[in-house]
1. For every other residue with a beta carbon closer than 12 angstrom to the beta carbon of T172, add +1 if it is Lys or Arg and -1 if Asp or Glu, then tell me the sum.
2. May I ask for log10 I(q)/I(0) of the range 120-217 at q = 0.12, 0.15, 0.17 Å⁻¹, from a Debye sum over the Cα atoms as equal point scatterers with solvent left out?
3. Accessible area of the range 47-172 with a 1.4 Å probe: how many percent of it is carbon plus sulfur?
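The values are calculated or read from the model by the stated rules, or taken from the named source; none is laboratory data. From a predicted model like this one, the values you see are computed outputs, not experimental measurements. Neighbour counts run over all protein chains shown; Cβ positions are idealised from the backbone, glycine included. Quick note on the areas: whole protein, heavy atoms, side chains included, nothing else; ligands and nucleic acids left out. Shrake-Rupley method; radii C 1.70, N 1.55, O 1.52, S 1.80 Å.
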Amino acid sequence: MSFSTVSREAVVGIGVLGVTFAAGVYIGKRYFMYRRKKSQKMFEGTDDPRRTYLVRLSLREHPSAKKLRQLLVGTTSQDVGCDAAQLLANLAKLINSKNILDMGCSYGYNPLILALVLPSDGKLIAHVREAEDVSQAREYWREAGVDKRIQVEVKSEEQTLDDLLSAGEAGTFDLIFINMAGQTNCRKCYEKCLRLLKSKGVLAIDGVLCNGAVLRKNSMTDKVQSIQQMNEAILRDARIFLSILPLADGLMLCFKL
């Protein structure tokens, strides 16, 4: 066998080994990143056993609220997750809330959870799109003894906010919860809510992730773009402190200075 033949075979062998090594490194990195991303994912869904475990160990639910939640699961969509609703109630209790505005297009569960932490002279305004949306909930409000604290407004979101501002309610609410999923001008809605909020009050915004649509920049709808623009604007807003939690569809908490 000639020297040139050996050299060619050696070169080919080294090349094959190099390609095999590179392929192994590439596949290993991809597998590692996949495992890392999978391990970092918060929950696979509402039935994820990790979430079930956390809810079991943290949820302290009033009997009437539990019955209403179970009813809604079988008939219509729930306002917001029970864990997110309890967090809002805990915040409301912590800041001694007396006036709460719920703009969650409610079916009655979230207003019940929040009304339970209000004092006897407290007030919660619950915005709904149709009076029938909370028709089933009223029984459980009465059962829990909070029906007198809940005032239902059947209007558009914009009309509800405008009427409150016109009535001189600016700076009077301790906590405002709003679902941005149905909004067309999110920044305008945010500004009105901030005007209604007291200093040191909490504005909780649900829906800031749009089920992940905010990440798909090339296929955003006008609604998703509106939420994305609001998210970016709030990040730079010096009037508030800010946190975003992986609850509900992205729960943003704004603490007004």
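1. Taking every other residue near T172 into account, the sum is +2.
2. Cα-only, vacuum Debye calculation for the range 120-217: -0.46, -0.71, -0.89.
3. Numbers: 3000 of 6260 Å².
In the range 47-172, the share of accessible area belonging to carbon and sulfur is 48 percent.
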